Amino acid sequence: MAQQEIQKQSHAVERTKANGSTNATPRVDIYENDQELLLLADLPGVDPDGLSVRFDPPELRIEGRQENHAVVFTRAFELDQRIDPDNIHAELKHGVLRLHLKKSESFKPKKIPVKTG
Amino acid sequence: MLARWKEWRDWDDLGLGRFGRPFAGLDELRREMDSLLSDFEREGVPARWQAGLWPRLELNDEGKWLLLQAELPGVTEKELDVTVTADTLTVRGTRKDEVPGGYSVHRRERPAVEFARSITLPCRIDAERAEATMKNGVLSLRLPKAAEAQPKQITVKAS
C-alpha cells in the first residue's frame, strides 16, 4: 500500500462543530503510476492563501480553510518513504486540490536489459 | 469518509435555526451512529451520492435577500444549470470523471456525479434580479426578496 490514513476513524463523522467553526474531512482520491502518487481532494471555498500542505515524512497533512472561515478541512496520510519531499507540486482549481507527489529516483521502476548469452 | 452529506429533511438543517426541535441533538447523534455503522458495511460509491443529497447546500436569510451557497468542488459553470422561480430553486449539473489515464487507484471517494436538487424557498423572491457566482468550487446565489417579503421597520411611538 502506498499510503495509509492517520486516525482512521476520524473521517466517519465528516463535519463537527467546535468553537464557532466547523471541522471537516475532505473527500480524497489517490492514484499511482510509475512516476508519482496523485492525490485529489475536494476543498470547496478554499483559495491558495487558505491552503497548507505539509510533508513531514512519512506524514502528509493537508489543511484548507474556507475563505469565510466557516469550515476547516483537515486530512493526514502516512506515505511510504518513496516520495521525494523536494518534488511535490500542488494546484488548486475549482475547489479541487491536485497534489503530484513524485517518487524518489531510486524507487522508480527501471527496465533491465536482458542480453542474449 | 462516505457520509459527509447528511440527510437534510428540515429547514433547520439548511441553516435556518433549530427552534422548536428540542431533540435535534439526538437526531444528529443517531445519524452519526448510523453513518459510523454503515461505513463498515459499505464499499465503493457512497449510496448517498446517488440519492440526490449532493451538493451540500446552505441557505441564509440576509434581510433583504436570501443567500444560498452550494459546495460544488470540481464543477465549472459550464456544467451547471441553476433555475429559480418565485419560490423554488433548482441546481443541477454533472461533475466529470477525473480518473487519470495510466494510473492505478488506491482510494476513490470522489466519484463523478450527476446531481439535481430543488428546494422550496422560505419566502418569495424577485427571480429577475437573482445573481449567481462561482468561486473556488462554491456557487453563491443572491436572491433578492420580493417586495412583499422585505423586512419592514416598525416605528414605535411613545404614547
Could you list, ordered by first residue, the pairs with Cβ atoms under 8 Å in which the first is in the stretch B:121-139 and without any contact (Cβ under 8 Å) to a residue 12 or more places away in the chain and the second is among the β-branched types (Val, Ile, Thr), at least 6 apart or interchain?
B:Asn136/A:Val46
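Sort out which residues of the stretch B:66-125 are touching a strand residue (DSSP E or B) at 6+ places or on another chain (Cβ under 8 Å) and among the small types (Gly, Ala, Ser), and write them in order of number. Step through it out loud before you land on a result.
Kept after step one, since they are touching a strand residue (DSSP E or B) at 6+ places or on another chain (Cβ under 8 Å), are these residues of the stretch B:66-125: B:66-77, B:79-84, B:86-95, B:98-100, B:103-110, B:112-125.
The answer is B:Ala70, B:Gly74, B:Ala86, B:Gly93, B:Ser104, B:Ala112, B:Ala116, B:Ser118.
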Can you name the residue in the stretch B:102-159 that is hydrophobic (A, V, I, L, M, F, W, C) and part of a loop (DSSP other than H, G, I, E, B) and, of all such residues, is nearest to the chain's Cα centre (by Cα)?
B:Leu121
When (1) touching a residue at least 60 places away in the same chain (Cβ under 8 Å); (2) outside any loop (DSSP other than H, G, I, E, B) are applied to A:Pro109, the one that fails is (2)
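Can you name the residue in the stretch B:85-101 that is buried (at least 19 other Cβ atoms within 10 Å of the Cβ) and under 17 Å from B:Thr120 (Cα atoms) and, of all such residues, is farthest from the chain's Cα centre (by Cα)? So that I can check it myself, show each step before the final result.
Going through the stretch B:85-101, the residues buried (at least 19 other Cβ atoms within 10 Å of the Cβ) turn out to be B:89, B:91, B:93, B:95.
Those still in the list that are under 17 Å from B:Thr120 (Cα atoms) too: B:89, B:91.
Working: B:Leu89: 11, B:Val91: 9 Å.
Taking the candidates together, the pick is B:Leu89.
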Residue satisfying condition, being under 24 Å from B:Thr76 (Cα atoms) and modelled with pLDDT under 95, within set B:Arg110, B:Arg142, B:Arg124:
B:Arg110
Given the condition assigned to a loop (DSSP other than H, G, I, E, B), under 30 Å from A:Leu79 (Cβ atoms), modelled with pLDDT under 95 and more than 9 Å from chain A (Cβ to nearest Cβ), answer yes or no: does some residue in the stretch B:61-78 qualify?
no
Picked from the stretch B:62-84 (must be surrounded by 13 or more Cβ atoms within 10 Å (Cβ to Cβ) and of a type in the set (Val, Ile, Thr)), the residue nearest to the chain's Cα centre (by Cα) is B:Val82
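Just need a number here: residues in the stretch A:14-28 that are touching a residue at least 12 places away in the same chain (Cβ under 8 Å) and crowded, with 18+ Cβ neighbours inside 10 Å.
So in the stretch A:14-28, the residues touching a residue at least 12 places away in the same chain (Cβ under 8 Å) come out as A:15, A:21-28.
Filter once more, keeping what is crowded, with 18+ Cβ neighbours inside 10 Å: A:24-28.
Looking only at that region, the number is 5.
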Inter-residue pairs, beta-carbon under 8 Å, first touching a residue at least 12 places away in the same chain (Cβ under 8 Å) and hydroxyl-bearing (Ser, Thr, Tyr) and in the stretch B:84-97, second part of a loop (DSSP other than H, G, I, E, B) and surrounded by 15 or more Cβ atoms within 10 Å (Cβ to Cβ), 6+ apart:
B:Thr88/B:Leu121; B:Thr94/B:Val75
Yes or no: the stretch B:144-158 includes at least one residue that is more than 14 Å from chain A (Cβ to nearest Cβ) and closer than 28 Å to A:Gly64 by Cα.
no
Just one of the numbered conditions (1) within 10 Å of chain B (Cβ to nearest Cβ); (2) closer than 24 Å to B:Leu57 by Cα is not true of A:Leu38; which one?
(2)
Since A:Asp34 meets every condition but one in (1) of a type outside the set (S, T, N, Q); (2) closer than 19 Å to B:Ser140 by Cβ; (3) in a loop (DSSP other than H, G, I, E, B), which condition does it not meet?
(2)
Could we say that A:Thr22 is outside any loop (DSSP other than H, G, I, E, B) and either touching a Phe, Trp or Tyr at 6+ places or on another chain (Cβ under 8 Å) or of a type in the set (S, T, N, Q) (or both) here?
yes
Can you tell me which residue in the stretch A:51-96 is nearest to A:Val28 (Cα to Cα), limited to those that are within 12 Å of chain B (Cβ to nearest Cβ) and not in a strand (DSSP E or B)?
A:Gly95
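The values are calculated or read from the model by the stated rules, or taken from the named source; none is laboratory data. The structure displayed is predicted, hence computed values, not measured ones. Cβ: placed from backbone, ideal geometry, glycine included. Neighbour counts: every protein chain shown.
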